[in-house]
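The values are calculated or read from the model by the stated rules, or taken from the named source; none is laboratory data. None of the values given here were measured: they were computed from a predicted structure. We place every Cβ from the backbone using ideal geometry, glycine too, and count neighbours over all the protein chains shown.
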Amino acid sequence: MILIGCDHGGYELGREVAKHLEEKGLEYKVYGSEKGESVDYPDVAKEVCTRLLAGEGEKAILICGTGIGISIAANKIKGMRAALCGDCYSAKYTRLHNDANALCMGGRVTGAGLALEIVDTFLSTGFEGGRHQRRIDKIAELEA
Ligand code: RB5
């Protein structure tokens with residue numbers, strides 16, 4: 001289960017991502033702006049991340065206009081490792097090295113074609129573990 005959250009700035013790309021996951025036969029739920037109406041991205045981040053950390057989903061995809069506000073908000077929540085990505089290399093390595101549990105994108109920044117490749121890379125790449133686990137443990141210590 002993939003949890004998608006969008007504010008109004010991420011509404012259109014969020015729909016593209018949902019359609020893409022649908023076509024791939026992946027389960028998803030969408031939260032936040034339902035018809036493009038204005039909503040506050042911290043509220044969307046809170047709802048989606050709380051649900052993710054409660055085990056309702058495997059990964060989150062968070063989209064606002066730039067991707068920045070929603071990633072800042074998500075990373076305030078203990079247990080979140082939300083990565084703002086605008087390229088496939090970052091999406092790959094944030095999974096391999098950071099075990100990111102949320103992908104953030106900017107709906108007004110990244111075009112749908114690239115965004116869907118970023119989504120595919122993020123969802124299909126596993127965590128490498130090893131020395132990277134030690135570093136993630138140190139991030140968790142910063143939350144304490
Ligand atoms: C909303 O206008 C916009 O500020 C928001 O989507 C996002 O870009 C914030 O970081």
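Computed values, structure above
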quantity: Within region 66-91, considering residues that are over 13 Å from the mean Cα position of the chain (by Cα) and among the basic types (Lys, Arg), the one farthest from residue 46 (Cα to Cα); calculated: 78
quantity: Test for residue 55: is it over 11 Å from the mean Cα position of the chain (by Cα), at pLDDT 95 or above and surrounded by fewer than 15 Cβ atoms within 10 Å (Cβ to Cβ); calculated: yes
quantity: Pairs, first within 12 Å of residue 107 (Cβ to Cβ) and at pLDDT 95 or above in region 1-25, second surrounded by fewer than 21 Cβ atoms within 10 Å (Cβ to Cβ) and polar (S, T, N, Q), C-beta under 6 Å, six or more apart; calculated: 8/38
quantity: Conditions (1) out of contact with any Phe, Trp or Tyr (no Cβ under 9 Å at 6 or more places or on another chain); (2) in a loop (DSSP other than H, G, I, E, B); (3) of a type in the set (Gly, Ala, Ser); number of the one not met by residue 36; calculated: (1)
quantity: Some residue of region 16-37 being within 16 Å of the ligand (Cβ to nearest atom), under 16 Å from residue 101 (Cβ atoms) and crowded, with 21+ Cβ neighbours inside 10 Å; calculated: no
quantity: Subset of region 60-69 [in contact with a Lys or Arg (Cβ under 9 Å, 6 or more places away or on another chain) and away from the ligand (no atom under 14 Å from the Cβ)]; calculated: 60
quantity: The one condition in (1) hydrophobic (A, V, I, L, M, F, W, C); (2) farther than 19 Å from residue 31 by Cα; (3) within 16 Å of the ligand (Cβ to nearest atom) that residue 102 fails to fulfil; calculated: (2)
quantity: Some residue of region 95-105 being surrounded by fewer than 16 Cβ atoms within 10 Å (Cβ to Cβ) and under 25 Å from residue 38 (Cβ atoms); calculated: no
quantity: The listed residue being more than 16 Å from the ligand (Cβ to nearest atom) and touching a Gly at 6+ places or on another chain (Cβ under 7 Å), out of 95, 81, 131; calculated: 95
quantity: Subset of region 37-95 (residues that are under 15 Å from residue 122 (Cβ atoms) and among the acidic types (Asp, Glu)); calculated: 58, 87
